[in-house]
Amino acid sequence: MAGIYLDNNATTRVDDAVVEAMLPLFTQHFGNASSMHAFGGAVGGLIEKARQQVQALLGAAHDTEIVFTASGTESDNTAILSALEAYPKKRTIITSVVEHPAVLSLCDYLENKRGITVHRIPVDSRGNLDIDAYKAALSPDVAIVSFMWANNETGTLFPIEELAKMAKAVGALFHTDAVQAVGKIPMRLADSAIDMLSLSGHKLHAPKGVGALYVKRGTRFRPMLRGGHQERSRRAGTENAPGIVGLGKAAELALQHMADENTRVRALRDKLERAILAAVPNCFVTGNPDVRLPNTANIAFEYIEGEAILLLLNENGIAASSGSACTSGSLEPSHVMRAMGVPYTAAHGATRFSLSRDTTEEEINHVIAVVPGIIERLRALSPYWSKSGADAKGFAPVYS
Amino acid sequence: MWNYTDKVKEHFFNPKNAGALETANAVGEVGSITCGDALKLMMKVNPDTNVIEDARFQTFGCGSAIASSSALTEMIIGKTVDEALVITNRDIAEYLGGLPPEKMHCSVMGAEALRAAIANFKGEEWVDDHEEGELVCKCFGIDAAMIERAVTVNNLTTLEEVTNYTKAGGSCQTCHEKIEEVLEAVLAKQAAKPPEKSPLLPVAGIKPAPAPAPKADAPVAAAPKMTNVQRMQSIMMAIEEIRPQLQRDGGDVELVDIDGKDIYVRLSGACTGCSQSASTMMGVQMKLVEKLGEFVRVKPASMLVGA
Ligand SMILES: Cc1ncc(COP(=O)(O)O)c(C=O)c1O
Ligand code: FES
């Protein structure tokens with residue numbers, strides 16, 4: 001087995017069919033879509049086809065609602081900054097404590113440097129949004145509400161449609177960071193209250209460095225990048241034509257694999273989770289197990305540390321990821337684990353396995369066979385663990 | 001992925017001297033589960049010769065924490081207590097062929113556990129002297145207070161000077177924006193001081209009398225006007241609301257002083273003395289900003305000049 005890749009929420013393998021669709025764009029259809037000749041015209045047509053493919057995946061009413069960008073991060077930044085600029089009198093943003101840094105860091109910056117009021121709505125122990133706190137924060141001063149559709153660490157889904165309707169009721173724009181949700185769960189934006197939605201190519205088997213922002217027709221919009229009139233002046237800069245064509249193809253494939261993702265992949269994820277929970281003591285699933293992406297399992301192993309787990313998994317040819325502090329070089333465990341109140345004893349050992357349509361049953365069986373031994377091995381080293389099990393009381397180090 | 005040396009990998013994948021040592025007569029326990037690493041070092045010291053005859057460890061932590069612990073035991077076995085005492089965290093890192101800068105704290109933990117264990121053997125009490133505010137530069141473990149001190153004492157004005165004096169910002173550079181913010185804040189504070197050098201002004205390390213009221217502070221737009229007493233009460237109430245959550249993690253927070261937009265607090269219990277306090281501080285700050293409807297900055301009480 002050539003390595004088992006269970007880190008698809010970090011990035012995915014580019015589908016062979018996507019690569020094939022992109023290749024002609026480099027040497028054959030290399031023109032600039034804005035040019036007044038056949039070289040350009042061919043590329044323009046391919047980009048418009050990609051726009052329709054993304055429209056179809058999102059169930060959007062119009063292809064012109066899709067604006068291609070260079071990443072999920074750019075889409076998130078564009079949406080929030082656009083709302084503030086389009087509604088200069090409104091000086092408040094609502095978001096959640098568990099967003100991706102693409103939203104959280106921007107909000108911190110806007111708060112510190114531009115005096116914008118930011119409400120960060122908390123979540124409960126399963127990662128569900130505190131709807132009452134959200135209600136209380138809504139006001140006519142809110143320029144934009146931005147909630148992620150699916151959490152990248154736990155896969156937990158927010159009730160986006162309901163949240164969007166509540167924002168509309170006070171006249172606020174509603175944006176969702178759907179980078180993890182697009183391609184994994186079905187969507188119909190044509191019938192939705194969502195004004196803007198971010199997606200990223202590399203999370204759905206397209207290449208890195210291409211994304212899109214859905215902007216519902218009629219939504220006030222101000223571009224973040226000004227320059228040429230590409231993307232109907234919504235995003236200046238010569239289009240990343242190969243990337244866009246790749247994203248279009250990936251969107252088409254995602255639609256075809258949607259059923260597989262929600263049946264076979266979901267079943268594999270559930271099998272993995274059940275087997276680990278049964279074989280390993282003192283571990284639990286984080287997030288809301290009932291309302292989440294079909295591909296994500298986040299398991300917190302108590303009394304051991306995530307980076308050590310990843311290193312041993314890697315030795316066994318398994319790629320996973322961790323919200324552990326040590327993998328990022330900081331000392332604090334993931335803000336998502338902390339926001340859910342996962343105790344430190346477990347937050348440091350939270351490990352994410354994220355599957356994709358490429359994942360096979362054979363791979364999952366191998367992971368199931370290997371994980372319990374790894375956990376046992378690390379616990380044998382841990383001062384918080386004794387032969388009889390968890391022993392947090394028996395160890396009381398000096399500055400704790 | 002971290003670029004670990006072969007030596008680090010060797011000590012992580014096949015740690016030496018792991019596990020409990022039943023015959024130990026010197027035990028050092030440092031770190032905390034909150035911070036993500038903790039180490040229990042157990043040694044068997046010959047009371048006649050003071051030679052460390054055996055050493056074992058139990059570690060909760062990442063790859064380099066486990067490797068550092070393993071390396072430490074190998075380094076001290078056979079040494080006398082006094083010989084062992086001169087081992088520094090750098091020696092541990094060097095033994096491992098180097099550690100990534102962000103991981104140097106793992107070697108620090110090893111050196112501290114050693115000191116704690118030796119103190120235990122000698123019947124002394126080991127006090128952890130490691131005090132960290134919010135780390136600004138992770139590569140060199142420099143906090144805001146250290147930068148502020150260097151800037152004030154040496155009249156520094158540029159980022160380059162700060163790097164030259166403190167090393168902060170000299171490696172990966174991700175902290176440059178934060179260093180500039182600290183620098184700007186200090187310079188702004190200096191500029192706000194009356195130009196003539198009054199003999200009553202603090203020279204260094206003396207806390208100026210707290211200003212009677214944050215007079216010049218224009219209220220942030222849209223913040224409802226509160227009297228100073230109301231404001232103080234809201235701050236105290238907000239702190240009270242945060243405490244149960246911290247207490248659940250074995251910590252606590254206490255309000256020490258309010259100086260305009262600067263709210264000074266003291267953290268205690270789990271988390272003092274580790275960088276985790278930085279994120280706890282941030283949490284407290286977020287809560288206060290939310291409650292007050294104005295921007296305030298939460299600082300550790302240790303940053304009160306002279307405290
Ligand atoms: C929820 C979420 N939002 C945004 C991003 C950023 O996307 P990109 O890597 O395309 O900038 C990611 C991926 O890292 C993500 O998981
Ligand atoms: S954090 Fe790397 S140089 Fe400061």
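Listing A:TYR109, A:TYR214, A:TYR344 from fewest to most neighbouring C-beta atoms within 10 Å gives A:TYR109, A:TYR344, A:TYR214. Only bridges with both residues in the protein assembly as shown count here: give the DSSP antiparallel percent, nearest 5. About 65 percent, rounded to the nearest 5.
In Å³ and rounded to a whole number, note down the convex hull volume per residue for the Cα atoms of the stretch A:16-254. Intermediate values should be presented prior to the final figure.
Working: hull volume 27.0 nm³, N = 239.
In the stretch A:16-254, the Cα convex hull volume per residue is 113 Å³.
Which entries of A:LYS135/B:LYS287; B:LYS138/B:LYS193; B:LYS7/B:LYS40 show an alpha-carbon separation above 29 angstrom in the structure shown?
Details: A:LYS135/B:LYS287 18 Å; B:LYS138/B:LYS193 31 Å; B:LYS7/B:LYS40 22 Å.
Exceeds cut-off: B:LYS138/B:LYS193.
Of all the options A:THR156, A:THR12, A:THR27, the one that moves most in a Gaussian network model of chain A with Cα springs shorter than 10 angstrom is A:THR27. Annotation: aspartates and glutamates with alpha-carbon distance below 16 angstrom to A:LYS168 (same-chain offsets under eight excluded): A:ASP141, A:ASP191, A:ASP195. Summing charges over all other residues whose Cβ lies under 12 Å from the Cβ of A:LYS184, with Lys and Arg as +1 and Asp and Glu as -1, gives +3.
Using only C-alpha atoms and all pairs of different ones, pull out the Kirkwood radius for the protein assembly as shown in Å with one decimal. Working shown, then result.
Values: mean 1/r = 0.0361 Å⁻¹.
This gives a value of 27.7 Å.
Considering only Cα-Cα distances, which of the following residue pairs are longer than 30 Å: A:LYS165/B:LYS299; A:LYS203/B:LYS16; A:LYS49/A:LYS203; A:LYS113/B:LYS291; A:LYS165/B:LYS261; B:LYS103/B:LYS291? Beyond 30 Å: A:LYS165/B:LYS299; A:LYS203/B:LYS16; A:LYS165/B:LYS261; B:LYS103/B:LYS291.
For the stretch B:6-192, the Cα gyration tensor yields ellipsoid semi-axes of 37, 18, 13 Å (square root of five times each eigenvalue, largest first, whole Å). Shielding value for B:72-82 is 0, the average number of Cβ atoms from other chains within 10 Å of each residue's Cβ. Straight-line reach from A:LYS271: which aspartates and glutamates have Cα under 14 Å away, leaving out those fewer than 8 places along the same chain? Correct list for A:LYS271: A:GLU361, A:GLU362, A:GLU363.
Working out 0.36 nm times the residue gap between A:ALA279 and A:ASP16, then minus their Cα-Cα distance, what length gain in nm do you get to one decimal?
On the way: separation 263, 0.36 × 263 = 94.68 nm, distance 3.66 nm.
Using 0.36 nm per residue and subtracting the Cα-Cα distance, I get 91.0 nm.
Using alpha carbons only, how many angstrom separate the centre of the stretch A:135-201 from the centre of the stretch A:276-314? When both Cα centres are located, 27 Å separates them.
Return the average number of partner chain Cβ atoms within 10 angstrom of each residue Cβ along peptide A:343-352.
On the way: counts 5, 10, 4, 1, 3, 8, 2, 0, 0, 0.
Rounded to a whole number, the mean comes out at 3.
Which values, in whole Å and largest first, are the semi-axes of the equivalent ellipsoid of chain A obtained as the square root of 5 times each eigenvalue of the Cα gyration tensor?
38, 27, 17
With neighbours defined as other Cβ atoms within 10 Å of a residue's Cβ, the residues A:VAL179, A:VAL97, A:VAL67, A:VAL342 order from fewest to most as A:VAL97, A:VAL67, A:VAL342, A:VAL179. A simple spin-label model places the labels of B:ASN50 and A:SER34 7.8 nm from each other, with each point 7 Å out along Cα-to-Cβ. Exposure proxy ranking for B:THR227, B:THR5, based on other Cβ atoms within 10 angstrom of each Cβ and starting from the fewest, stands as B:THR227, B:THR5.
Values quoted throughout were computed directly from the atomic coordinates according to the rules given, and no laboratory measurement underlies them. None of these values were measured; they are calculated from a predicted model. Please note: Cβ atoms are built from the backbone with ideal geometry, for glycine as well, and neighbour counts cover all protein chains shown.
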